[in-house]
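Novice: What follows is a structure written as structure tokens; I'll ask about it next.
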Amino acid sequence: MEKLSQYLSSSGKTQRHFAEEVGVDKSVMSRFLSGKAKPGREVAVRIARLSNDAVPVSSWSSAEPSSPPAEDAA
């Protein structure tokens, strides 16, 4: 997921740190980044809020996950 990857790079946050902020496991965050999963609405809203909308909720709608949406897996 390009916007999420760009946000992490520009913010200097690690996957692990941002996953903890969002409330998901690091492995779930990794799946979001690789495009293998996309967050459910609630998690997408948290990501948008925590990234100051650098990763808007709408950015997930074009992603085609290979698995059902991942929710809180922490």
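What follows is calculated from the coordinates using simple rules that are stated; it is not laboratory data. If you're wondering where the values come from, they're calculated on a predicted model, not measured in any experiment. Counting neighbours? That spans all protein chains shown, and the Cβs are built from the backbone with ideal geometry, glycine included.
Novice: By how many nm would the segment from ALA54 to LYS26 lengthen if fully extended, with 0.36 nm per residue of separation less the alpha-carbon distance?
Specialist: 8.1 nm
Novice: Another question, if that's okay. Relative contact order (percent) for the range 2-60, with alpha-carbon contacts under 8 angstrom and 6 or more residues of separation?
Specialist: Averaging sequence separation for qualifying contacts and normalising by length gives 32 percent for the range 2-60.
Novice: While we're looking at this one, here's another question. With +1 on the Cβ of every Lys and Arg and -1 on the Cβ of every Asp and Glu, and nothing else charged, how large is the dipole of the range 2-60 about its Cα centre, in debye rounded to the nearest 20?
Specialist: The calculation lands at about 140 debye.
Novice: Then there's this: Going by the alpha-carbon gyration tensor, a ≥ b ≥ c the square roots of its eigenvalues, is the range 2-60 rounded (a/c under 1.5) or, if a/c is not under 1.5, prolate (a/b greater than b/c) versus oblate?
Specialist: Here the range 2-60 falls in the rounded category.
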